Amino acid sequence: MKRILTLSALVVLLTTTALAKSQRWTGFVSDAKCGAKVDGACAKKCIAAGEKVVFVNDGDKVVVPVANPQALEGYEGQHVMVEGKLENNLLTVSKVKTMNESKKVIDATY
């Protein structure tokens, strides 16, 4: 019985650790009002007016709320690569880099 409990606890611990791993995505910084219709000037204006900062994923255009919007300050409307954790449909950004038109990171430090 103790062995089963120990094994179960280990599985839960490993699963939780794996879920909390940092990942990278490319996409655009927008505001909750505009969502996937990214417009840099509009995003800056709306965020300044109190709209929530969101990240719009390149691949499927999914709009994800950002837990720490200060990490994306100054990137409104820009194409970026973010590194962070996605938990409960909320993105916590740890790193952000701008991308050029050929989808290459401009100031790579990864």
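Read the figures in this text as sums done on the coordinates, not as results from a lab. These numbers come from a predicted model, not from an experiment. Backbone-built Cβ (ideal geometry, glycine too); neighbour counts: all protein chains shown.
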- Computed E for Ala41/Ser94 - FRET, C-beta separation, R0 22 angstrom, nearest 0.05: 0.20
- So, how do all the Cα-to-Cα distances of segment 22-98 break down into 5 Å bins, in percent, from 0 on up? 3, 20, 33, 28, 13, 3, 0
- Nitroxide proxy distance, nm - points 7 Å out along Cα→Cβ at Glu83 and Ala49: 3.6 nm
